[in-house]
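The values are calculated or read from the model by the stated rules, or taken from the named source; none is laboratory data. Just so we're clear, the structure is a prediction, and the values are computed from it rather than from any experiment. FYI the Cβ positions are ideal-geometry reconstructions off the backbone, even for glycines, and counts take in every protein chain you see.
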Amino acid sequence: MGTGAACAEPMQAQYYDVGGEFKPHTDYFESYEIEKYSTPTLGQRTWTFMIYLNEPESGGETAFTAAGIVLPPQAGRAVIWNNLLPDGQPNPGSIHHGMPVKQGYKAIITKWLRAPRSGVSPR
């Protein structure tokens with residue numbers, strides 16, 4: 001994907017019980033957020049890498065609303081998407097919704113890759 005390990009955020013796990021969801025959102029930082037969430041070495045989020053750890057009995061799909069794609073959770077399925085357009089601008093088409101879990105639970109792990117800050121080596 002063209003990034004080194006130094007451009008990765010720590011992996012995060014998310015757990016959703018019945019009714020749990022993550023309303024429609026994007027993973028990139030809005031222009032007014034970039035300075036708040038940047039570090040001395042890491043800038044904008046570029047890629048999202050998500051893995052489903054289980055399959056809820058019902059619900060818990062990930063819906064890419066702008067693209068009209070709905071992915072049911074399947075244990076071991078990896079979903080990867082680019083949060084930026086080819087010119088480096090935020091990709092509003094990456095908006096996604098962690099749909100409500102209807103029965104059971106949903107567990108995922110997520111890793112975000114980021115662009116290096118200007119003048120910082122990505123490796």
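Residues that are among the acidic types (Asp, Glu) and out of contact with any strand residue (DSSP E or B) (no Cβ under 6 Å at 6 or more places or on another chain) were ranked within the range 52-111; the one that is modelled with the lowest pLDDT is 87.
Residue 10 meets all of the listed conditions (1) part of a strand (DSSP E or B); (2) exposed (fewer than 14 other Cβ atoms within 10 Å of the Cβ) but one, namely (1). Restricting 19, 59, 4 to those that are out of contact with any Phe, Trp or Tyr (no Cβ under 6 Å at 6 or more places or on another chain) and crowded, with 16+ Cβ neighbours inside 10 Å reduces the list to 59.
Considering the range 71-121, the qualifying strands (runs of 3 or more DSSP E), each wholly inside and each with 3 or more residues that are within 15 Å of residue 28 (Cβ to Cβ), run over 78-82, 106-116. Can you tell me how many residues in the range 23-45 are among the charged types (D, E, K, R) and assigned to a strand (DSSP E or B)? Within the range 23-45, residues that are among the charged types (D, E, K, R) and assigned to a strand (DSSP E or B) number 2. Restricting the range 73-108 to residues that are among the polar types (S, T, N, Q) and touching a residue at least 60 places away in the same chain (Cβ under 8 Å), which is nearest to residue 12 (Cα to Cα)? Out of the qualifying residues, it is 94.
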